[in-house]
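The next block holds one structure in the form of structure tokens; read it before the comments.
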Amino acid sequence: MNEMELLFKLARENIFSQFIESEEGLDGIEKALILLMTIA
Amino acid sequence: MIDNTELYSKRVKRMKDAIELREPDRVPIFGLVDNWALSYNGTTLKEALADIEIEYQAYSKALTDFPFDAALAPGVTFPLNFVSSLGGGIYNNNMETVQIATGKSEIMSVDEYDDLIEDPLKFFRDVIIPRKHSIFQSGTTEEKFGKFANSISKFLEFGQSREMLIDRYKVEHGLPITTGATLFMPADIIMDYFRDFKGITSDIKRHPDKLAEACMSMLDVLVPYTFGSMMGKDPDSTYIQLFLHLPQFIRPKEFEKIYWPSFKKYINIFAAQGFKILILFEKNWEHLHEYLQELPKGSVIAFFEEDDLRVAKKKLGDNICIAGGLKTNNLYYSSKEECIDIAKGLVDDLAPGGGFVFSPDKVLVSANDARPENLKAVTEFITEYGIYK
């Protein structure tokens, strides 16, 4: 696992999972974050 | 007196009728307003970014002093506090409007197209993001995560604040804010954020197949993102909003090969699901009208900046709703009477049969995009003259 993958995994497990339960929801917010950071 | 719930429903229906190519009760007026709201209220971008209540005061004044039936955004359109926490991105935060700083967007080389095509999301995450954002460029993994967590809090704050603001416009003013998913098409992302204008111009000539393939592959990210953003939102009042840049610079044959296939596929996917798609066609698209005639019927509201709207209505009006009309030059430099004359001509020629929404020809960004008294005069004129009999 590379560092960026690890950072997003940590975000998923430590931040997003506090208010999103489903894997689908977690995938969705992670993709939205990646896309927004790409076009920032 | 009409209450805000009823006013909101009436406005949503007015817009819906126009987009679905029926005659509404009157020509809808769209608030194509961004940072102009700040100068109109005497607020700086810095003040608005620091306090959401100040941001709301400024934008709500601009969006409710004029009789708009719907508006593009509830406040500052880009999450600048989030971008700033990442290290600044490609935006210049020292301006009074949101501006891209020049010379910062060529961060992908031509030989990386295969990696982008193979897995766009992975390419964004592992290649583009660490190249672009300084918080990932130094320190231990633990330190990087600390900064990243701070950025994520800004990202979540922005999303929540937009939803809260949209709800306030509905409840306090009966005004629909149409922003659902706001997005760029693949070739525009490649131009604006990966390859810059110089890079993509070269790619169009020398690597058109790779560029077209990358555009199609990026739909694997953009389509799920859009579905996620629109989830749970009312498709009659909330639209997918697209801002298109590249086609103004390219020839029809290049458009057909590079831009059109992924763009058309994207539009067709969401139109088939009943979503409305608001598109800002930047600059002039008259050389591409032949393609736009294939857009699905009754799903698209098309804001044209420089196209002759009478030509657009004639060529495209059977399929898509035409929006725009009053040039920002006129809104700023002409008299009230001249602006009203122009607006009258637009209603006379474009309103019959429906499928027309009145607005400025460009998003109002800076103070000199419109004089308030002119905007007031034309919008109030439309509320009377634009009634369908």
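The values are calculated or read from the model by the stated rules, or taken from the named source; none is laboratory data. This structure is a prediction, so every number in the text was calculated from the model and none was measured. As a convention, Cβ positions derive from the backbone with ideal geometry for all residues, glycine included, and neighbour counts pool all protein chains shown. Only protein heavy atoms, including side chains, enter the accessible area calculation; ligands, DNA and RNA are left aside. Shrake-Rupley method; radii C 1.70, N 1.55, O 1.52, S 1.80 Å.
A few remarks follow.
This table checks each residue for (1) of a type in the set (Ser, Thr, Tyr); (2) touching a residue at least 12 places away in the same chain (Cβ under 8 Å); (3) in contact with a Phe, Trp or Tyr (Cβ under 8 Å, 6 or more places away or on another chain).
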| position | (1), (2), (3) |
| --- | --- |
| B:290 | no, yes, no |
| B:320 | no, yes, no |
| B:358 | no, yes, yes |
| B:379 | yes, yes, yes |
| B:386 | no, yes, yes |
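- Qualifying residue in region B:124-140 (condition: in contact with a Pro (Cβ under 6 Å, 6 or more places away or on another chain) and facing chain A (nearest Cβ under 10 Å)): yes
- Boolean, residue B:212 is more than 19 Å from residue B:270 (Cα to Cα) and either among the hydrophobic types (A, V, I, L, M, F, W, C) or open to solvent by 30 Å² or more (accessible area, probe 1.4 Å) (or both): yes
- The single condition among (1) farther than 17 Å from residue B:119 by Cβ; (2) surrounded by 12 or more Cβ atoms within 10 Å (Cβ to Cβ); (3) of a type outside the set (Val, Ile, Thr) that residue A:4 does not meet is (1).
- Yes/no for residue B:70 being in contact with a strand residue (DSSP E or B) (Cβ under 8 Å, 6 or more places away or on another chain), modelled with pLDDT of 90 or more and farther than 21 Å from residue B:366 by Cβ: yes
- Meets criteria (open to solvent by 10 Å² or more (accessible area, probe 1.4 Å), within 11 Å of chain A (Cβ to nearest Cβ) and either in a helix (DSSP H, G or I) or in contact with an Asp or Glu (Cβ under 9 Å, 6 or more places away or on another chain) (or both)) for residue B:155: yes
- Exclusive hit being touching a strand residue (DSSP E or B) at 6+ places or on another chain (Cβ under 7 Å) and farther than 18 Å from residue B:20 by Cβ, set B:355, B:324, B:386: B:324
- Residue, surrounded by the fewest Cβ atoms within 10 Å (Cβ to Cβ), within region A:7-32, restricted to residues that are more than 7 Å from every other protein chain (Cβ to nearest Cβ) and among the basic types (Lys, Arg): A:9
- Residue B:301 satisfies every condition listed in (1) in contact (Cβ under 8 Å) with a residue 40 or more places away in the chain; (2) closer than 21 Å to residue B:189 by Cβ; (3) touching a helix residue (DSSP H, G or I) at 6+ places or on another chain (Cβ under 7 Å) except (2).
- The condition (being open to solvent by 30 Å² or more (accessible area, probe 1.4 Å), modelled with pLDDT under 95, closer than 30 Å to residue B:346 by Cα and under 19 Å from the mean Cα position of the chain (by Cα)) is satisfied by just one residue among B:77, B:97: B:77.
- Of the residues making up region B:149-164, one or more are at pLDDT 95 or above, polar (S, T, N, Q) and more than 26 Å from the chain's Cα centre (by Cα).
- Those residues of region B:192-202 which are buried (at least 22 other Cβ atoms within 10 Å of the Cβ) and either among the small types (Gly, Ala, Ser) or touching a residue at least 60 places away in the same chain (Cβ under 8 Å) (or both), in sequence order: B:193, B:194, B:195
- So residue B:111, is it at pLDDT 95 or above and acidic (Asp, Glu): yes
- Helices (runs of 4 or more DSSP H) contained in region B:186-245 and holding at least 1 residues modelled with pLDDT under 95 and within 13 Å of another protein chain (Cβ to nearest Cβ): B:208-230
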